[in-house]
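**Student:** Questions regarding the structure given below will be posed in turn.
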Amino acid sequence: MAFQKSPGTQDILPGVVERWQYAEQKARDICRRFNFREIRTPIFEATELFQRGVGETTDIVEKEMYTFTDRGDRSITLRPEGTAGVVRSYVENKLFGEPDVSKLYYIGPMFRYERQQAGRYRQFHQFGIEALGSVDPAIDAEVIALGYTFYKEVGLKGVRVEINSVGTPAVRAAFREKLLAFLMPMRDQLCKDCQSRMERNPLRVLDCKTDQARFEEAPSILDSLDEECNTHFDKVKTYLTDMGIPFSINPRLVRGLDYYTHTAFEYKAEGIGAIDTIGGGGRYNGLVAEIGGPDQPGVGLGLGLERTIMLLEHQQAELDNAHQIDVYVVALGEAAEREVTRLVYELRTSGIRAERDYLGRKMKAQMKSADRLQARYTAILGDDELTRGEIALKEMATGEQRVVALASLASELKSN
């Protein structure tokens, strides 16, 4: 072929895209019930937004961003994550002036130049939420609960929630010295990424997958939390328990972004190779001020849709059959053919999923097509039936067939 898709991208084809639509529909419905409103931000932003918002010492900024200079000689980056763009919009459009907490959600593509592996693409898709304007630990718990509810209602089994507190900048500064004292004796045995992170952001060392076994005896940041951080974390745990959200505490969970404060969390599941993290998030009380807005707190999450879809397929989850056809209309005869064009349009505008033949096939071939499309009914119209104002309606699951008035076909289908 002359052209193929770029490495790290995918074509989401009919037969698969229905799973995506199902997951996205679930996400939108859950956000509606939790009172989160949709926001849509640009796919690209000024590079500095991500450098300041995500953190210059993160792998995302250092290694993974798709950055280019546009024709106006501006440095532009395809968004590698969703939070920075949402917060930029929150500041630019002065949403902080609203009297209530801004509860926002997004669904869309992100871009990172990563090594390809199962569940990881260079163009990938996230469902994310952001709650801005409240320091209440109840909103942390609500965000965690929303993500858990999404996985539960979409049909995934075995999803685990891990939580931690990464404290405040002051707490992390004190913990940094304890951690460095633990890490320095083993510095030469650690991978190059860990050695680099030790100088600039040693907490990120705990996020390393290569040397994870070496950190079993590492000090826990939970032992360095001050009273404020402990109180916040205890309340988050209490609220999760009250809601019946199962969780475990992982003191080495730091997440890969620099903006987190207090609560950090991840969702884990088995079934996509070596990767077991399928989503996560946390609180980011300093981010709004960092990118030029008022000092407003925030908390959010991002869930990977590719990994969700892969797990649904791995677990062979039964989904609502969103692509099922309600009725396949078969035309037999020239006059019936013309009437079917009008009839199918009428059914569709009545809210019924209808299909017909466009290849001039015989009745047997049309019935096979109806079966492939998983039509619940076939409606068979011949010239004689048209003259009598009737149509034969067959239920595919049972084979039961009856004659109904042509004018009442739509209402007959709706009643069933």
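**Student:** If I require 18 Å or longer along the helix axis, counting alpha carbons, and a Kyte-Doolittle average no lower than -0.5, what helices from the chain are left? Use full DSSP H segments.
**Tutor:** Going by DSSP H runs, the hits are 137-154, 169-183.
**Student:** Mind sorting out which of (1) 59, 32, 17; (2) 35, 29, 19; (3) 52, 23, 21 is the real semi-axes √(5λ) of the Cα gyration tensor in Å computed from the coordinates?
**Tutor:** Among (1) 59, 32, 17; (2) 35, 29, 19; (3) 52, 23, 21, the one derived from this structure is (3).
**Student:** Can you tell me the accessible area per residue over the stretch 51-95, all protein chains present, probe 1.4 angstrom, in square angstrom?
**Tutor:** 49
**Student:** Please go through the residue pairs K5/K209; K103/K152; K26/K414; K103/K192; K5/K157; K237/K268 and name each one whose alpha carbons sit more than 28 Å apart in this structure.
**Tutor:** Violating the 28 Å Cα-Cα cut-off are K5/K209; K103/K192; K5/K157.
**Student:** Roughly how many nanometres apart are two label points built 7 Å out from the Cα toward the Cβ at Y113 and N35?
**Tutor:** If labels sit at Y113 and N35, their model points lie 4.4 nm apart.
**Student:** Working with all protein chains in place, sort M310, M110 by solvent-accessible area computed with a 1.4 Å probe, largest first. Walk me through the numbers on the way to the answer.
**Tutor:** Working: M310 55, M110 0 Å².
From most exposed to least exposed: M310, M110.
**Student:** What FRET efficiency, computed as 1/(1 + (r/R0)^6) with R0 = 22 Å and r the Cβ-Cβ distance, is obtained for E334 and K364, rounded to the nearest 0.05?
**Tutor:** It comes out at approximately 0.70.
**Student:** Heavy-atom accessible area of Y121 with all protein chains present, probe 1.4 Å, nearest 10 Å²?
**Tutor:** Estimated to the nearest 10 Å², Y121 gives 60 Å².
**Student:** Next up: Report H314's accessible area, 1.4 Å probe, all protein chains in place, as a number in Å² to the nearest 10.
**Tutor:** Only protein atoms counted, so the area is about 110 Å².
**Student:** Rank these by accessible area, largest first, 1.4 Å probe: M65, M184, M1. Write down the numbers at each step before the final one.
**Tutor:** Values: M65 35, M184 100, M1 195 Å².
Listed by decreasing accessible area, they come as M1, M184, M65.
**Student:** Ranked highest first by average number of other Cβ atoms within 10 Å, how do 13-22, 386-395 line up?
**Tutor:** Packing proxy ranking, top to bottom: 386-395, 13-22.
**Student:** What is the local net charge at A181, summed over the other residues whose Cβ is closer than 13 Å to its Cβ (Lys, Arg +1; Asp, Glu -1)?
**Tutor:** +1
**Student:** Roll a 1.4 Å probe over the protein heavy atoms and report the accessible area of E162 in Å², nearest 10.
**Tutor:** About 30 Å², rounded to the nearest 10.
**Student:** Taking the Cα centre of the stretch 1-51 as origin, work out the dipole magnitude from +1 charges on Lys and Arg Cβ and -1 charges on Asp and Glu Cβ, in debye rounded to 20.
**Tutor:** With Lys and Arg at +1 and Asp and Glu at -1, about 280 debye.
**Student:** So, one more: What number results when the radius of gyration of the stretch 9-142, computed over Cα atoms, is divided by 2.2 N^0.38 Å?
**Tutor:** The stretch 9-142 yields a ratio of 1.16.
**Student:** Give the distance, in whole Å, between the Cα centre of the stretch 31-52 and the Cα centre of the stretch 299-360.
**Tutor:** Centre-to-centre (Cα) distance: 31 Å.
**Student:** Follow-up question, since we're still on this one. If you average the sequence gap of Cα pairs under 8 Å that are 6 or more apart and divide by the length of the chain, what percent do you get for the contact order? It would help to have the intermediate numbers written out before the result.
**Tutor:** Values: 702 pairs, mean separation 65.7, N = 416.
Across the chain, relative contact order equals 16 percent.
**Student:** Which order do R372, R40, R187 take by accessible area at a 1.4 Å probe, largest first?
**Tutor:** R40, R372, R187
**Student:** Run through all the Cα pairs of the stretch 1-77 and give the fraction in each 5 Å bin from 0, expressed as whole percent.
**Tutor:** Taking every Cα pair in the stretch 1-77, the percentages come to 3, 11, 12, 13, 14, 19, 17, 9, 2, 0.
**Student:** Considering Cα pairs under 8 angstrom that are at least six residues apart, work out the relative contact order of the stretch 1-157 and quote it in whole percent.
**Tutor:** Details: 188 pairs, mean separation 40.0, N = 157.
Value for the stretch 1-157: 25 percent.
**Student:** How much FRET efficiency would the formula 1/(1 + (r/R0)^6) give for I12 and Q189, where r is the Cβ-Cβ distance and R0 is 45 Å, rounded to 0.05?
**Tutor:** Once the sixth-power term is evaluated, E becomes 0.55.
**Student:** With charges set only on the Cβ (+1 for Lys and Arg, -1 for Asp and Glu), what does the dipole of the stretch 165-316 come to about its Cα centre, in debye to the nearest 20?
**Tutor:** Details: 17 positive and 22 negative charges, 51 e Å.
Approximately 240 debye in magnitude.
The values are calculated or read from the model by the stated rules, or taken from the named source; none is laboratory data. Everything numeric in this text was worked out from a predicted model, so none of it was measured. Methodologically, a virtual Cβ is constructed for each residue, glycine included, from the backbone with ideal geometry; neighbour enumeration extends over all protein chains shown. Areas reflect the complete protein model, heavy atoms only, side chains present, ligands, DNA and RNA absent. Shrake-Rupley method; radii C 1.70, N 1.55, O 1.52, S 1.80 Å.
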